Amino acid sequence: MMYQKRINVTKTFLPHLEEYMAQVKRAFDNDWLTNRGVLVQELEAKLKEHLGIDNILITNNGTIPLQIALKLLAREGEVITTPFSYVATTAAIVWENCTPIFVDIDPLELTIDVTKIEAAITDKTTCILATHVFGNPCNIESIQEIAKKYGLKVIYDAAHCFGVKYKGRSVFSYGDVSTCSFHATKLFHTGEGGAVFCNNELLRHQIYYSHNFGHNGPEAFFGLGVNAKISELHAAMGLAVFPYLSAIIQNRKKIVECYNSRLDLSKVQVMNLHANTHWNYSYYPVIFESEVVLLEVLGRLHEENVFPRRYFYPSLSNLPYVAKSEVPIAESVASRILCLPLYYSLTTDEQNRIIDTINSTIK
Ligand SMILES: *Cc1c(COP(=O)(O)O)cnc(C)c1O
């Protein structure tokens, strides 16, 4: 068989090395590598403008800000959450001594099913932590209404949402707190990194000091904190990637449109976007008729040296450290879903190879 280049579900977007080095040189020239140096502040300012939001705090990853938000808002109570997300969402809840209460998902949009939230609320419930999965916004209005009715806080894991707008506004601007990941595999990245968004001034202050050991100057403390600071070297990567953002999104759009037009969509289900969403083309999930078909497709793709990922499998309700719960839709979707390769340098030939392999397997 002809040698075929390995294709993974994603590939980190790398700027030219000289562009990264030029940013790193600035950190060297400043003799300053962390503690909110000029590169971090410049990246924050650029992202703020680009996203059209009032506030952003960039952090060392997308998980610690979830933990900080839960520490401040969930206070070791029960947290209503989705079983269909990356493990970080549930792990953060358990790590903060809270109890995850799983609510099943909508089978078409793949986000938490808001019609099932109220039945899961008890007098121990403090918070809702929902994921805008694959950049698809949750039913934000309904969640807000429920939260208001029961006095709950709302945190959104918006790790996949860079560039997503809902009703004309950055999706990061919704909820009490919203978090994003700038991990190397995400649409916009700093190698490792993330961000936290919050509209409430007091809460913003709490998050800010929590992310820097609780410091109030060198010799005093506002309260308990941890270290969630991002370094200048990571901000340097962000500044080098930043100019490519619209090219990255345009390119992904083209790849998504090609999947949409060439995949046999009578045999697979794709994700329904929530209404009023300006999406970022961050993932291309396909849901097969059964796990048997998924495994057959996966096997054929592996023969072609193509490695999609089973995002997100298994359902988080099956983690060994959570109590069992009834979430049949999430479990069914998790067993049948595959995210297809989607990244900047994926060529048309490579994409055709993927599509032809899938179509010929499911026909
Ligand atoms: C990537 C991801 C995270 C974690 O982000 P890190 O920056 O890797 O810590 C959290 N939640 C979801 C849904 C993710 O995909």
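The values are calculated or read from the model by the stated rules, or taken from the named source; none is laboratory data. Since the model is a prediction, treat every value here as computed from it, not as a measurement. Reconstructed Cβ throughout: ideal geometry from the backbone, glycine too, with neighbour counts over all protein chains shown.
Being buried (at least 16 other Cβ atoms within 10 Å of the Cβ) and either modelled with pLDDT under 95 or in a loop (DSSP other than H, G, I, E, B) (or both) is the filter here, so list the residues in segment 274-303 that pass it.
Scanning segment 274-303 gives H274, W279, N280, Y281, S282, Y283, F288.
Given the conditions (1) in contact with a helix residue (DSSP H, G or I) (Cβ under 6 Å, 6 or more places away or on another chain); (2) under 26 Å from N276 (Cα atoms); (3) touching a residue at least 60 places away in the same chain (Cβ under 8 Å), and given that L129 satisfies all but one, which numbered condition is not satisfied?
Single failed check for L129: (1).
Which condition breaks for I362 when tested against (1) of a type in the set (A, V, I, L, M); (2) within 17 Å of S85 (Cβ to Cβ); (3) in contact with a Lys or Arg (Cβ under 6 Å, 6 or more places away or on another chain)?
Against the list (1) of a type in the set (A, V, I, L, M); (2) within 17 Å of S85 (Cβ to Cβ); (3) in contact with a Lys or Arg (Cβ under 6 Å, 6 or more places away or on another chain), I362 comes up short only on (2).
Take E109 and decide whether it is buried (at least 20 other Cβ atoms within 10 Å of the Cβ), of a type in the set (D, E, K, R) and away from the ligand (no atom under 11 Å from the Cβ).
yes
So I354 clears everything in (1) part of a loop (DSSP other than H, G, I, E, B); (2) in contact (Cβ under 8 Å) with a residue 24 or more places away in the chain except one condition, right? Which one?
(1)
Kindly indicate whether any position in segment 84-98 is of a type outside the set (A, V, I, L, M, F, W, C), out of contact with any Asp or Glu (no Cβ under 9 Å at 6 or more places or on another chain), under 20 Å from L273 (Cβ atoms) and within 14 Å of the ligand (Cβ to nearest atom).
no
May I ask you to list the residues in segment 29-79 that are small (G, A, S), surrounded by 15 or more Cβ atoms within 10 Å (Cβ to Cβ), under 23 Å from the mean Cα position of the chain (by Cα) and farther than 19 Å from G223 by Cβ?
Passing the criteria: only G62.
Would you call N318 farther than 25 Å from A91 by Cβ and surrounded by fewer than 18 Cβ atoms within 10 Å (Cβ to Cβ)?
No: the conditions fail for N318.
Please go through segment 160-194 and pick out each residue that is outside any strand (DSSP E or B), among the β-branched types (V, I, T) and more than 9 Å from the ligand (Cβ to nearest atom).
V164, V171, T190
If I go through segment 1-56 residue by residue, how many of them are modelled with pLDDT under 95 and outside any loop (DSSP other than H, G, I, E, B)?
Residues in segment 1-56 being modelled with pLDDT under 95 and outside any loop (DSSP other than H, G, I, E, B): 2 in total.
Just to be sure I understand, how many residues within segment 223-248 are of a type in the set (G, A, S) and not in a helix (DSSP H, G or I)?
Qualifying residue count, segment 223-248: 4.
Inside segment 203-222, can you point out the residues that are assigned to a loop (DSSP other than H, G, I, E, B) and touching a residue at least 60 places away in the same chain (Cβ under 8 Å)?
Matches in segment 203-222: H211 only.
Which residue pairs have Cβ atoms under 7 Å apart, sit 6 or more places apart or on different chains, and have a first residue in segment 60-85 that is at pLDDT 95 or above and among the basic types (K, R) and a second that is more than 12 Å from the ligand (Cβ to nearest atom) and assigned to a loop (DSSP other than H, G, I, E, B)?
Filtered contacts from segment 60-85: K71/E96.
For segment 131-159, how many residues are more than 13 Å from the ligand (Cβ to nearest atom) and farther than 20 Å from I68 by Cβ?
13
Does T59 satisfy the condition of being of a type outside the set (K, R) and within 21 Å of F182 (Cα to Cα)?
Here the answer is yes, as T59 does meet what is asked.
Could you grab the pairs with beta carbons closer than 7 Å, sequence gap of 6+ or different chains, first residue in segment 174-193 and in contact (Cβ under 8 Å) with a residue 40 or more places away in the chain, second one in a strand (DSSP E or B) and within 7 Å of the ligand (Cβ to nearest atom)?
Hits for this filter: T179/D157; T179/G194; C180/G194; S181/G194; F182/G194.
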